[in-house]
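The values are calculated or read from the model by the stated rules, or taken from the named source; none is laboratory data. Note that the coordinates shown come from a computational prediction; the quantities given were computed from them, not determined experimentally. Backbone-built Cβ (ideal geometry, glycine too); neighbour counts: all protein chains shown. Calculation scope for accessible area: heavy atoms of the full protein, side chains included, ligands and nucleic acids excluded. Shrake-Rupley method; radii C 1.70, N 1.55, O 1.52, S 1.80 Å.
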Amino acid sequence: MCGHTYSRFFENGEKMKKIVGLSFACALYLHATPVELGRIQVEAKADTEVVKDVHGEDIKSADLAEALFKQSPSVSLVRRSGIANDVIVRGQKKDNINVSIDGVKVCGACPNRMDPPVSHVLTNNIDFIEINEGPFNVEDFGVLSADVKVHTIKPTKAWSGDINLGYGSWNYQKAAFSLSGGTDAVKILLSGSTESSEQYKDGNGDDFVGQIQREMDAGTINLTKNPQYQDKYKSMDAYEKKTFMSKLFWDITDSQELKLSYTANRSDNVLYPSSKMDAMYDDSDIYNLEYTMKNMGKYSKALSVQMYQSEVEHPMSTEYRNMGAVSFMTHALSTKMQGAKVKNSFDVANHTFEVGVDYSLRNWDGKYYKNDVALPEKFLHSIYDVDTQNKALFLKDKMHFGAMILDMGLRYDVTEISSKNKAQQDNNYDELNGYLYATYKKGDSKYYAGFGKSSRVPDGKELYWIGSPMKMPDGSMKALAIGTDSLRATKNYEFDMGLEQQFDDASFKAKLFYSQLDDFIAYNASKKMNRYENVDATLYGLEMSGTYIATASFYVDYGFAYQRGEKKRPLEGQTGTNMPEIPPFKYNVALNYEWDSTLNMRTEYVGSSSWTEFDAENGEQALDAYGVLNVKMTKKFAKNFALTVGVDNLFDSTYAVSNTYKDLILLPTSTQSEVMLLNEPGRYVYTNINYTF
């Protein structure tokens, strides 16, 4: 497995070669035509947060989760490794938020969230990101509490591109390129990257091996199975990652457009020090087709069809750990998501309607191996060929009444979930969801309020996951069912309100929300089996952000967010009612100075109060408050070059941002009541040079 390399781009053979060949053929054919560069305009509704120019600004690494954490106060980070980290949006994560990439729903294969959806797109391929908070999306399946829409860079008519080289602490190395161009009718884009890094060190100077050893020396890690890396693997890199993206946009006629894209991600030997296993590799392939016809008649302003498929393979293993020196376990998982959506928009009087159908089918499968040999059939399957099929109808109506806009949405879902394990029951879920959302604009002020109901079904892990075999007190081997196959769907009834205010030299935005979660799916660490259960809960919070322009060269942007969540009753066998994974008060402040059109500097402070409200019975623990200072400077020179130098965590602080909810399998402490805490990177110095043409 250690020899798994970049050649996996071409393992599945001819379809990949044809895509690359077609893209390069188009490039050679189109290069002869002189064209002009276009511009992309981003338009968002009142409560949508838009993170722009990710491709140009977030150059530190490929990790999208870390970039969002630094830029948005409502986003918190779930640190697992040097890359492939996860996000919490307004106190919700996992299937409670929806992540799409150019409209494609991507699911990770790992039940331990080593490959969350945001890890399957890299910052160098991203144009902008929309963060839509609340239950105000009826187009997509399972948008319970938030929606993260990632929009990747698009082909341009003018021939252009860039070459990007980066280097940072812990021998971080990155090389990336993009090339785009075309004619009036056909445009293509090619993009690729490679990057790697050694294990980062925290503020104490401990790398991954050191952080594990620190806990072992303190006697806090349960040493029943030694989780430390074997001597021959202690100096391994933290990860190696390669990507490729190709796009072809064809304006067939003035009213017809076809978009094709393919994205490949290949990660090797990703180390997860606070887990028992590391990822041998993590591969994803994303295929997307979009076809749009415009102005077809009175009742069809635009008709669009989208079809997509995403595939992920993720084997994780104890092979590198001392516990795997003689005999190692591998948990190999794969998932495939196939989807299609058809929607039509048209105007009637002061109404703009969108009506559509949405379909998706996800397959999820996992198997256990010992020394690369499959376990006997009765112990082989963790998630046994689970299908989640969703069919839905949706309707949206945007009504204009002078200064007021009223948005309405309805969606009816029929979802069927089945396992190939005949001992586990199939489940059917029918839900009607919808929202009303009003926006009122008066001068430079904008006010909005909305109420909505949304839902999400349990996933294959929560329903059907079976752990690896364990030795029982009587000496027999048994695999315990961790999932609960009778779970109900979670429903969210939420009210949001807020305002935006523009001044001559400033802007301000404030948002409030209150959410009632019926049948929230929680993990109960007090149980030996069927650890997922439904419980009603409430969640509420406040967010503020804004910008102040002090001079033509100097401006300040800021933001903060606070959430609080509580279960309406303790879980079975427990006494606490704090909801898990609700980050404390978090704030971001940044000072920006533009010396001239060629030189700009940014100093940002990201901080959080301490975790005082947490789900202790399910593994969470008190975390100290922190504050981290980051600085960055970019200088443009020789017309086509830009040099960026930056330092994150300038004062080399030792701190942690991610708590230790036992829904993830992390290294247990000697008391089994908590799990190992993973510190954030210490002082990180990086430089990047970018050449555009």
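The table below lists the values:
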quantity: Ile212 accessible area, assembled protein chains, probe 1.4 Å, Å²; calculated: 0
quantity: Contact order relative to length of region 153-245, as percent, for alpha carbon pairs under 8 angstrom and 6 or more apart; calculated: 27
quantity: Surface/4 estimate of mean projected area, convex hull on alpha-carbon atoms of region 562-693, nm²; calculated: 11.3
quantity: Most to least packed among 83-89, 622-628, 597-603 [average Cβ atoms within 10 Å]; calculated: 83-89, 622-628, 597-603
quantity: Scattering curve values for region 362-406, log₁₀ I(q)/I(0), Debye with Cα scatterers, q = 0.18, 0.24, 0.28 Å⁻¹; calculated: -0.70, -0.86, -0.98
quantity: Heavy-atom accessible area order for Arg113, Arg321, largest first, 1.4 Å probe; calculated: Arg113, Arg321
quantity: Mean residue ellipticity (222 nm) of the chain, computed from DSSP H runs ≥ 4 via -39,500 (n - 2.57), nearest 500; calculated: -2000 deg cm²/dmol
quantity: Bins of 5 Å from zero: percent of alpha-carbon pairs in region 159-266; calculated: 2, 10, 14, 13, 11, 10, 9, 8, 7, 6, 5, 4, 2, 1
quantity: J(HN,Hα) series, region 174-182, from Karplus relation 6.51 cos²θ - 1.76 cosθ + 1.60, nearest Hz, glycine and proline x; calculated: 9, 9, 9, 9, 9, 9, 9, x, x
quantity: Region 159-206 versus region 592-635: alpha-carbon centroid distance in Å; calculated: 24
quantity: Value of relative contact order over the chain, rounded to a whole percent, pairs C-alpha under 8 Å and six or more apart; calculated: 11
quantity: Sites matching GluC sites (Glu not before Pro) across region 483-573 that sit in DSSP coil, with at most 13 neighbouring C-beta atoms within 10 Å; calculated: Glu572
quantity: For region 576-591, Karplus couplings with θ = phi - 60° (6.51, -1.76, 1.60), whole Hz, Gly/Pro x; calculated: x, 10, 5, 6, x, 6, 9, x, x, 3, 10, 9, 10, 9, 9, 9
quantity: Whole-number D in µm²/s for region 149-208 (Stokes-Einstein; Kirkwood sum over Cα pairs; 20 °C, 1.002 mPa s); calculated: 152
quantity: Normalised convex hull volume, region 426-542, alpha-carbon set, Å³ per residue; calculated: 133
quantity: For region 350-509, average projected area of the Cα convex hull in nm²; calculated: 15.3
quantity: In Å², nearest 10: area of Lys567 left accessible to a 1.4 Å probe; calculated: 10
quantity: Region 198-345, relative contact order in percent, only Cα pairs under 8 angstrom and at least six apart counted; calculated: 19
quantity: Region 395-404 - phi-based ³J(HN,Hα) in whole Hz, Karplus 6.51/-1.76/1.60, Gly and Pro as x; calculated: 9, 10, 9, 10, 10, 9, 10, x, 7, 10
quantity: Surface accessible to a 1.4 Å probe, Glu257 within the full protein complex, Å²; calculated: 40
quantity: By accessible area with a 1.4 Å probe, ligands and nucleic acids excluded, highest first: order of Thr644, Thr253; calculated: Thr253, Thr644
quantity: Where Rh is the Kirkwood radius over Cα pairs, Rg/Rh for the chain; calculated: 0.94
quantity: Most to least accessible of Met329, Met114 (protein chains only, probe 1.4 Å); calculated: Met329, Met114
